[in-house]
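Take a look at the structure below.
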Amino acid sequence: MEENEIINFFLQPTGLHKPTRQERSKITATCGVYAWYSDLTLAKEAKVPVPIEGPWRVGDFLLLYIGLVGVRPIKKRLYYHSGGGRADQSPFQRGLGCLLSQALKIELRSKSPSFHDFYPKGPLKKWIEEHTYFKCLANEEAEKLEKMLIAKLKPLLNKEGNESHPFYPVMKRLEGEQNKRSKLLD
C-alpha cells in the first residue's frame, strides 16, 4: 500500500471493531500498526476540554492512539489496551484513565515503581468496551508506518513523536498529576 492509501485507511470510520474478546480474536496479524478511536463521548466526559477538530477527527470518532507490534500478535497488544493489562503496559489505557478519572471515579495507583494501574479497574474497562473501537493493518514496516501516521494524523494520546500536538502538554500535565497523586496514595 502507498502512504496515502495507508493514511486514508486510518481516516475511514469503516472497518472499526469493538474491543470485545470475540472481535480481538479475529485479528490474525502478528506485526503491523493499529489505531484506537473513541466516540465523541470522550469530549463530554473528560476532565479537561478535548479538542475535537483536527486531523484526529474521523467522522463521529476521535483518533486516540496509534501503536505498532513487531513480535507479539496484535491481538495481545489489543488485550492490554482494552483493559486486560495494566496502565503501565498501555499508554492508551493510561491516557484515557487520566482523562476520565473524575467522571469514572478512578485513580492511578502505584504498587511498585514499575506497576501502575487504575482502581477500581471495572469502570475504565467498561468505558473502553462501550466507547472505543480499533482498526489494524498488517505490515512488515510497522515502525516506519507508526512514526509516519503519528506525524500526519496527530492522535490525541500518543506522546512520543507527537510533541507538537496542541494536546500534548495537557496530557503530560494530567499524567504527571496522576503519577504524583499515586505516590501519595500508596
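The values are calculated or read from the model by the stated rules, or taken from the named source; none is laboratory data. None of these values were measured; they are calculated from a predicted model. Counting neighbours? That spans all protein chains shown, and the Cβs are built from the backbone with ideal geometry, glycine included.
Side notes on the structure shown:
- If the condition is being part of a strand (DSSP E or B) and at pLDDT below 90, then the range 102-124 contributes L108, R109, S110, K111, S112, F115, H116, D117, F118, Y119.
- The residue that is modelled with the highest pLDDT, among those in the range 14-29 that are buried (at least 17 other Cβ atoms within 10 Å of the Cβ) and of a type in the set (A, V, I, L, M), is L16.
- For the range 117-151, filtering for residues that are touching a strand residue (DSSP E or B) at 6+ places or on another chain (Cβ under 8 Å) and farther than 23 Å from N162 by Cα leaves 5.
- Scanning the range 131-174 for residues that are surrounded by fewer than 17 Cβ atoms within 10 Å (Cβ to Cβ) and part of a helix (DSSP H, G or I) yields E143, K144, K147, A151, K152, Y168, P169, K172, R173.
Per-residue answers, yes or no, for (1) in contact with a Ser or Thr (Cβ under 7 Å, 6 or more places away or on another chain); (2) more than 18 Å from A43 (Cα to Cα):
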{"residue": "Q93", "(1), (2)": "no, no"}
{"residue": "C98", "(1), (2)": "no, no"}
{"residue": "E107", "(1), (2)": "yes, yes"}
{"residue": "A142", "(1), (2)": "no, yes"}
{"residue": "E146", "(1), (2)": "no, yes"}
{"residue": "I150", "(1), (2)": "no, yes"}
{"residue": "L156", "(1), (2)": "no, no"}
{"residue": "Y168", "(1), (2)": "no, no"}
{"residue": "K180", "(1), (2)": "no, yes"}
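- Restricting the search to helices (runs of 4 or more DSSP H) fully inside the range 1-101 and requiring at least 1 residues that are without any contact (Cβ under 8 Å) to a residue 40 or more places away in the chain and in contact with a helix residue (DSSP H, G or I) (Cβ under 7 Å, 6 or more places away or on another chain) gives an empty result.
- Conditions (1) farther than 24 Å from Y168 by Cα; (2) in contact with an Asp or Glu (Cβ under 9 Å, 6 or more places away or on another chain); (3) surrounded by fewer than 19 Cβ atoms within 10 Å (Cβ to Cβ): number failed by G32: (3)
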